[in-house]
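Here the structure comes first, spelled out in structure tokens, and everything after it is commentary.
Values quoted throughout were computed directly from the atomic coordinates according to the rules given, and no laboratory measurement underlies them. A quick note: this is a predicted structure, and the numbers were derived from the prediction, not measured. When we count neighbours, we look across all protein chains shown, and the Cβ atoms used for this are built from the backbone with ideal geometry, even at glycine.
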There are 4 protein chains.
Amino acid sequence: MDEPVANPPADPSAYPHRTQLQLRWKDNDVYGHVNNAEYYSFFDTVINEVLIERGGLDIIEGEVIGLCAESHCLYLGPLDYPGTVDAYMRVGHLGSSSVRYELALFDPDGQCSAVGWFVHVFVARATRRPAEITGPMRELLESLRVLA
Amino acid sequence: MDEPVANPPADPSAYPHRTQLQLRWKDNDVYGHVNNAEYYSFFDTVINEVLIERGGLDIIEGEVIGLCAESHCLYLGPLDYPGTVDAYMRVGHLGSSSVRYELALFDPDGQCSAVGWFVHVFVARATRRPAEITGPMRELLESLRVLA
Amino acid sequence: MDEPVANPPADPSAYPHRTQLQLRWKDNDVYGHVNNAEYYSFFDTVINEVLIERGGLDIIEGEVIGLCAESHCLYLGPLDYPGTVDAYMRVGHLGSSSVRYELALFDPDGQCSAVGWFVHVFVARATRRPAEITGPMRELLESLRVLA
Amino acid sequence: MDEPVANPPADPSAYPHRTQLQLRWKDNDVYGHVNNAEYYSFFDTVINEVLIERGGLDIIEGEVIGLCAESHCLYLGPLDYPGTVDAYMRVGHLGSSSVRYELALFDPDGQCSAVGWFVHVFVARATRRPAEITGPMRELLESLRVLA
């Protein structure tokens, strides 16, 4: 983290992408709410789904894959199985071979449960060396970018 | 297992309850498909959701809870994130304090991915001694029962 | 399940392989004990570790991999984070391309928490067609086999 | 995050607490290495084990529990099942009712895989209102504190 990254806003209107996640029995931990580590699993799920369906990411055969380089989450309220989560996502920073996604999660009552961010570095699958983001993937990420 | 339990049918019409599950990034394992252990997490999720929403199960405060006593799964085909699972459930056996659920999972093309079963023993939360299934919970389970 | 499979014994001396597992925070579910689905994750972990370290399984590059075809678990007592699990394993049946492992888990007091079994079918990674078990892998599995 | 928090050092000697974690089959994701979200599960596991064993935390019955308020991880290298992780932990900041742990994970070759931090707010279990950290818990956290 060369320069500090601000937490993204707890405001659905700030995000161009929205999806809904379902909670599972095992998400709840011994304290009765969704465990903090699962929030990162939600981030992974939301991000990769968009990359696969709209950016051409092929997680099985593709020559370029996205690896997580840094992640962060600020927890603002509980989530509970059974139920759903409204997940919002945008691109906060887009570099040559890396991208920082910004995400916000809301409970079914519209309360913000968490905001966070997640950095992907795109690399060649074989060598794990950084690979430039090009073509449909760059177009997708540009379309999700929010300009300050 | 006092007497062998047959695998449930790979036929959606055999089940009175249906729901849809979403897959997550982390469900896929190193071989590229949903890991076998996750199927049991799906069973848990499907079963408890019905018990909570329609049978009055209170997983945080309730005096009676359902503990898994035995489970089984026959794997018939892969499941893959990103995607969904059509999950079907019925009650195969209903005793005084225990119930055996039967489940079947289908991929988005309608291929059966797995059939399995899962036994809950209802117990007093405080003592973990078996507790008779009564009231709305028994009515729910009776309504999901399939008579041979 | 063409013929019923008996539950394996809750007796450590019946198993040629032993290892110890560590529990994690997230293993405990809302009822305060290790969730039932995690037991299958333990089975997967114990089995594949032996196959990799002693049978030559290469989960990243190998041409032959083992897929779970069927699994079963009988739950006999709770497990709790923080703590460890003593895991025991043997081969109950060894066919041309499939193997049924039998496992037992014990808590730190020596109480049996679960017994179960898990069937691997070995397949060609590329085609997912059954592949004969040969060489060091067959030798390993033979060495873990228990003759009735 | 009122003020930016620096990433902790990738140096084992900077941490007063050390433990070793085991990896599991399911930790590896489709790219063949431990999934990023699992690292937070490792943090949870390392932190709570110390709190339970040395600080008197009672996760089942205790009146005061620690909830995750913010977490962060910088990924520096892969981890792989089967194998172990050397985990290091210290207290970076200790407030009246909150604590920021700093952690570092190393692979079996001594390469640093990740550094991160994790904030617990201690709350009354019943009300989820902040609770002052006192007694053996404060003594423990003080003993793990590193003064700049």
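Counting partner chain Cβ atoms within 10 Å of every residue's Cβ in C:112-121, what's the average? Each step should come with its number before you reach the end.
On the way: counts 0, 0, 1, 0, 3, 1, 1, 2, 1, 1.
Average neighbour count from other chains, rounded to a whole number: 1.
Could you give the length gained on full extension between residue D:63 and residue D:6, defined as 0.36 nm per residue of separation minus the Cα-Cα distance, in nm?
Numbers: separation 57, 0.36 × 57 = 20.52 nm, distance 3.25 nm.
Between residue D:63 and residue D:6, full extension yields an extra 17.3 nm.
Using a 10 Å cut-off around each Cβ, can you sort A:90, B:18, C:54 from fewest to most neighbouring Cβ atoms?
On the way: A:90 19, B:18 13, C:54 16.
Fewest-to-most Cβ neighbours within 10 Å comes out as B:18, C:54, A:90.
Exactly which trypsin sites (Lys or Arg not before Pro) in the stretch C:97-129 are in a DSSP loop and have at most 15 other Cβ atoms within 10 Å?
Working: sites: C:100, C:125, C:128; in loops: C:125, C:128.
Here the sparse-neighbourhood loop sites are C:128.
Cut-off 15 Å, label point 7 angstrom out along Cα-to-Cβ of residue C:146: give me the residues of the stretch C:76-91 whose amide nitrogen falls inside.
C:87-91
In the stretch A:12-143, with Lys and Arg counted as +1 and Asp and Glu as -1 at Cβ, which of these residues, A:120, A:110, A:130, has the Cα nearest the positive end of the dipole, that is, farthest along it?
It is A:130, whose Cα lies furthest towards the positive end.
Mind checking the mean number of beta-carbon atoms from other chains within 10 Å of the Cβ atoms in D:71-77?
On the way: counts 10, 9, 7, 6, 7, 2, 0.
Counting other chains' Cβ atoms within 10 Å and averaging over D:71-77 gives 6.
To one decimal in nm, how far is residue D:52 from the same spot in the other copies, if labels go 7 Å from Cα toward Cβ? Please give the shortest first.
Listed shortest first, these distances are 2.3, 2.5, 3.3 nm.
Which three lengths, in whole Å and largest first, does the stretch A:12-143 cover when its Cα atoms are put on their principal axes?
42, 30, 22
Only counting other Cβ atoms within 10 Å, I'd like D:60, D:65 sorted with the fewest neighbours first.
Details: D:60 11, D:65 21.
Arranged by neighbour count, lowest to highest, D:60, D:65 become D:60, D:65.
What is the average number of partner chain Cβ atoms found within 10 Å of a Cβ in B:44-51?
Values: counts 8, 9, 2, 1, 6, 7, 1, 1.
Per-residue shielding by partner chains comes out at 4.
If you take all C-alpha pairs in the stretch A:41-99, what percent of them are over 20 Å apart?
Values: 606 of 1711 pairs.
So the pairs more than 20 Å apart make up 35 percent of the total in the stretch A:41-99.
List the GluC sites (Glu not before Pro) within the stretch A:80-148 that fall in a DSSP loop (any state other than H, G, I, E or B) and whose Cβ has at most 16 other Cβ atoms within 10 Å.
Values: sites: A:102, A:132, A:139, A:142; in loops: A:132.
Answer in residue order: A:132.
In whole Å, what is the distance between the alpha-carbon centres of the stretch A:1-67 and the stretch B:121-141?
37 Å
When chain C is turned about an axis onto chain D, which of its residues keeps its C-beta closest to that axis, and how many Å is it?
Axis relating chain C to chain D; nearest Cβ residue and distance: C:22, 2.
With charges set only on the Cβ (+1 for Lys and Arg, -1 for Asp and Glu), what does the dipole of the protein assembly as shown come to about its Cα centre, in debye to the nearest 20? Don't skip to the end; give the middle numbers.
Numbers: 44 positive and 84 negative charges, 0 e Å.
Here the size comes out at about 0 debye.
Taking the convex hull of the alpha carbon atoms in the protein assembly as shown, what volume per residue do you get, in Å³?
Working: hull volume 92.9 nm³, N = 592.
In the protein assembly as shown, the Cα hull volume divided by residue count equals 157 Å³.
Let me spell out the model: positive unit charges on the Cβ of Lys and Arg, negative unit charges on the Cβ of Asp and Glu, origin at the Cα centre of chain C. What dipole size does that give, in debye rounded to 20?
Details: 11 positive and 21 negative charges, 56 e Å.
Dipole about the Cα centre, nearest 20: 280 debye.
For the Cα atoms of chain D, what angle does the longest principal axis make with the long axis of helix D:36-55, in degrees from 0 to 90, nearest 10?
Tilt relative to chain D: about 40 degrees.
With the label 7 angstrom out along Cα to Cβ, how close does residue B:146 come to the same site in each of the other copies, in nm, nearest first?
Copy-to-copy label distances at residue B:146, shortest first: 3.4, 4.7, 5.8 nm.
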